[in-house]
Structures are given as structure tokens and as C-alpha cells.
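Trainee: The structure follows.
Derivation of every value follows stated rules applied to the coordinates shown; laboratory data play no part. Note that the structure is predicted; figures quoted are calculated from it, not measured. Reconstructed Cβ throughout: ideal geometry from the backbone, glycine too, with neighbour counts over all protein chains shown.
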Amino acid sequence: MTQLQERASATSTGAPASHAVPHWIGGRRVQGTSGRRGPVFNPATGEQAREVDFASIEEVDAAVAAARAAFPAWRSTSLSKRTEIMFRIRNLVDQHRHEIAAHLTAEHGKVPSDALGEVARGLENIEFSTGVAHLMKGSYSEQASTGVDVYMIRQPLGVVAGITPFNFPAMVPMWMFANAIACGNTFILKPSEKDPSASIYLAELLAEAGVPAGVFNVVNGDKVAVDRILEHPEIAAVSFVGSTPIAKYIYETGTKHGKRVQALGGAKNHMIVLPDADIDMAADAAVSAAYGSSGERCMAVATVVAVGGVGDTLVEAIKARLPKIVIGPGSDPESEMGPLVTKQHRDKVASYLDLAKIQGAKVVADGRQHPLYKDSDGFFLGVSLIDDVGPGMECYQDEIFGPVLTITRVDTYNDALELVNGNPYGNGTAIFTRDGGAARQYQFDVNVGMVGINVPIPVPVSYYSFGGWKGSLFGDLHMYGPEGIQFYTRGKVVTSRWPDPGTSKVDLGFPRTR
């Protein structure tokens, strides 16, 4: 067993680490010196498994200094050499996907199948980045004027940073750093303090792949680290995924300090079911998309909108599937859904069930009735289903981010469209129908960034880009894919003329292209 495998094995068993989860600065593990740490729990048992160092301003500055020092050489590294290193990263992540997944199960609580799916989707983005030599091609216009050529080249920004959420502690960092470093930038990752170990493990894999010291750095921490990243004059760009209030803060603070910022916020994803839909297919999709990863996905289906008379049949079909979902710890190979990430979050999610009753909705299935909610010290909550939900209710308005599916009933397609377009979020949506014309009209009409047609979680493949509209995104460019390359580079236009003896002269007029 390699050293990397031993570390992953220790984490997967929940064994306490001998020290806090450290930072990764300048190509090595660095123990924190701030004196501040945060707890990291095993959500399946409720026990504190380890601690994580919280960075001071000085420690963030040290990471920036390491990244800045590494940038000139990394930027000058040939595209073919960077491509070779990205392929090595891809192969190592592929070889160690089970070890990465073990970190996710241990600290986030995902069951292994879900954790492995997260690694696979992150890996797709690393694979996309191996095409950087093609992706960074510019353009060339010969003879734009007599003897003058004009061309555009794409160049890296310098030191860039990513601030990532607890719900995808491996995939979202891969969304960011793969394109960033492939394009020639150096990168600083600030992962969630709730599940930080996967980031350190990834840093070790990148070092093994040949990424030079300082090109990839990890600083763990809280608001102190975040604010220093947003304010640091040497950080050129910041990528963020999290809640809408924090995304707005990240965007406003980062841009105020002259940075390029993409900040992905919250979501309230609607799944429209028309009367002609295949009800079994729609019910399977709703259950899978609402309860996978305990609902802790920004692309989870939160609200099913039943159109016309389809509501009763659809609710019964969904309800019939709920007892079959196996809930348990990731250590049990039979488990399909694990715990929530913290006790505080679990309790907040559960509070919406009583609130829904008070506000007039019907709780069809109450996740608090599951034995693990009552009898386990872990942060478990069973699947919940709430019917007859209106737009004024808090369970509709808020991003619950847990295993709670709400059902809203409307009379017509236009009513459903108005509901979705009137929502302040615009991350993802889906429509289930057999009518191709209705589906095409919906993709044309809806003000949402990612649309599924009979696909409940329309996360784009890596060669498109991920991003919502409205309150789900602050910034102009979406994440990963082609827009990810654009975000981590800037265009430089060169106008060139090579001297032809005897033709040069003084001309004070504005240059003309003739």
C-alpha cells in the first residue's frame, strides 16, 4: 500500500488523524500556525474525526507568494509539457478514485456509489483540460492592412483562486483547477472547512503528477481566509460555488478589489411534469434527483410542478418509491442515501416539515419517522415529501438543500412557466413530456441556465459550461468547459508590420485599415 493509499484508508475508517488537516503551500504539507482550528465530523456517526487548521492572513499571503513565485516558470512551460502533466493528473485521479471517494464518504457522508460518481464527473473536467493546446488557440488575420497582420493570443492571468462548497469537495475543485493550471495560471484552493481532506489528497496527487511546487496550493479556513483571498492584490481571479447571499458578497467584494469573479449561488430547481408524461419515468426521475446525495446538490430537483390532472397519480407514484430507498452509512454497501453533512444542517432541513404543515401544505412522508433519525448519533434524515405547496410558503421559497421534495400543482403549461420564470433562482430545470413541441417551447421560454428534457439533473458534460441565470450566478462567464478557458485567460491582440526599407514615413493621422 502506498503512502497515499494509507492516508486514504485511515480517513475512510474514521480513525482520528494524528494532527489537524494542514494546508498545502509550495508543494508540501504545512501545519497551521494561527492557533485556530475547526472540527471535522464523521456524519454517519456524529463523532468528531479530526480538526482542520484555519489559515491566518499571513498564511494566505504565504500561499499567494508561493503561487506568484511559481507563475513565471509555469507560464513559460510549453503547452505540450503542460498537456503531458495534465494527462498524468488524469491518470492518477483515475487510479486513486476509490481513495478520493473514501475521503468524501468519511467527511461528507456520501455513500460510495455517489462519491465515485462525483469523482467521475470531476475527472471529465480534467480530461477536457488535456486539450489545452487546442483550447488556447487564438486567431490570425493576414494582410489586415497593406503589409500588416493582426492576431489574437490567449494568455493566463497569473495567480487565481477557488473557494469551494462542502457538497462536492472533489468535483468542484476539479471544475476550477484543471482549466486554471492547464492554461498556465497558478492556483490557490480554499475548500470547505467541513470536509477538507480530499483537497489535500488531490494536492499530493498533483505533486506526484509533476505539478511544480507553488502551482497548486490549499489554504483551509473560514471567513478570514476568504476575505484575504478577495482582497489580496496579487490574486487576479476568484471562482466560487455556494449560497446566493455569499456568492453576491464574493462577487461584490472581489470585483471591488479589481478581480475577475465568477460566483455560482443557490438554486430552486423545478421539474415540470405535463399530463402526457410517462408517469413511471417521471416518478423515478423525481426520486433520484431529489434524494440523491441527501438532496445536498445545487442541481437537485427541489420542486415538482404537476400540470393539469397529473398531480394525484404522480404523487402516489413518488410515494410508492420512497420506502424502497435504503438509508444508512457509507460503510454499508447496501446504502443508497447517507446522512447530511452536519447536525445543525440536518435540524434546519427537518424544521421545514413542521413549518409546511403550519402554512397549509400536506406532509405526505416525514423523514423524521426514519429509525436512524431517532436512534442514531449520525446526522440522518429520511426522505420527505410535501404536497400542495404554494409559492408563498417557506418550503417553496427557500433552498432547503436536503432530502425534501415539494409538489406544486398548477392548471396549465403557462402557469408552470410563470412559476419557474418568476422564481429568483435560475440554475437548472427539467420538463417531462412526450410532446416534442412542448419541450422545445419550454427550452425557448424558460429563463434558466441549464434545461433538461426528460433528464432531471441537466449538468452539462465537460465540453459545455455549467452555470445558472438570475440569482444563481454572479458574473458573466459560466464554469468549466469553453467558458472556463475564457475565464482563466485574457486575449491579447497584436498588430504587426515587418519593415520594408524605404516605405516608412511620419503620419499623425489615426491608423486606417487600408
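Trainee: Would you mind checking the pairs 194/374; 81/137; 343/374 and listing those with alpha carbons more than 19 angstrom apart?
Mentor: Distance filter (> 19 Å) returns 194/374.
Trainee: Check residue 452: other-chain or 5+ apart residues with amide H under 5 Å from its amide H, H built from backbone geometry?
Mentor: Here 429, 430, 431 satisfy the definition.
Trainee: Can you check how the C-alpha radius of gyration of region 62-197 compares to 2.2 N^0.38 Å, as a plain ratio?
Mentor: Working: Rg = 18.0 Å, N = 136, 2.2 N^0.38 = 14.2 Å.
So the Cα radius of gyration is 1.26 times the expected 2.2 N^0.38 Å.
Trainee: For region 417-514, state which chymotrypsin sites (Phe, Trp or Tyr not before Pro) are in a DSSP loop and have at most 15 other beta carbons lying within 10 Å of their beta carbon.
Mentor: Answer by residue number: 463, 464.
Trainee: Can you compute the modelled spin-label distance between residue 141 and residue 34, with each label point 7 Å from Cα toward Cβ, in nm?
Mentor: Result for the modelled spin labels: 4.9 nm.
Trainee: Treating cross-link reach as a plain straight distance, find the aspartates and glutamates whose alpha-carbon is under 18 Å from the alpha-carbon of residue 319, omitting any fewer than eight places away in the same chain.
Mentor: List returned: 278, 280, 284, 336, 366, 387, 388.
Trainee: Between residue 319 and residue 336, how many nm apart are label points set 7 Å from Cα along the C-beta direction?
Mentor: 1.9 nm
Trainee: Same structure, new question: So which trypsin sites (Lys or Arg not before Pro) in region 418-489 end up in coil per DSSP with only 14 or fewer other C-beta atoms within 10 Å?
Mentor: Filter output for region 418-489: 434.
Trainee: Give the aspartates and glutamates whose C-alpha is closer than 16 Å to that of residue 248, dropping any in the same chain fewer than 8 places away, or say none.
Mentor: Excluding near neighbours in sequence, the set is 227, 231, 399, 476.
Trainee: Still on this structure, I have one more. Spin-label point model (7 Å from Cα, Cβ direction): what's the residue 497 to residue 454 distance in nm?
Mentor: Here the modelled spin labels are 6.1 nm apart.
Trainee: Determine, for each peptide in 191-202, 62-73, 363-374, the mean count of other beta carbons within 10 angstrom over its residues, then list the peptides with the highest first.
Mentor: Numbers: 191-202: 25.0, 62-73: 19.7, 363-374: 16.9.
In decreasing order of mean packing, 191-202, 62-73, 363-374 become 191-202, 62-73, 363-374.
Trainee: Hey, got the dipole for the chain? About the Cα centre, +1 on K and R Cβ, -1 on D and E Cβ, debye to the nearest 20?
Mentor: 1740 debye
Trainee: Which ³J(HN,Hα) values, rounded to whole Hz and listed in residue order, are derived for region 319-327 from phi using the Karplus coefficients 6.51, -1.76 and 1.60 in 6.51 cos²θ - 1.76 cosθ + 1.60 with θ = phi - 60°, glycine and proline given as x?
Mentor: Per residue, the Karplus-derived 3J(HN,Hα) values read 4, 5, 7, 5, x, 7, 6, 8, 10 Hz.
Trainee: Regarding region 269-453, what whole-number volume in Å³ per residue does the convex hull of its Cα atoms give?
Mentor: Looking at region 269-453, the number lands at 108 Å³ per residue.
Trainee: Would you work out the Kirkwood radius for the chain? I mean one over the mean of 1/r across all pairs of different Cα atoms, in Å.
Mentor: Taking the inverse mean of 1/r over all distinct Cα pairs, the chain comes out at 24.2 Å.
Trainee: Could you work out [θ]222 nm for the chain from helices alone, using -39500 (n - 2.57) per DSSP H run of at least four and dividing by all its residues? Round to the nearest 500 deg cm²/dmol.
Mentor: When only DSSP H runs of four or more count, the value is -12000 deg cm²/dmol.
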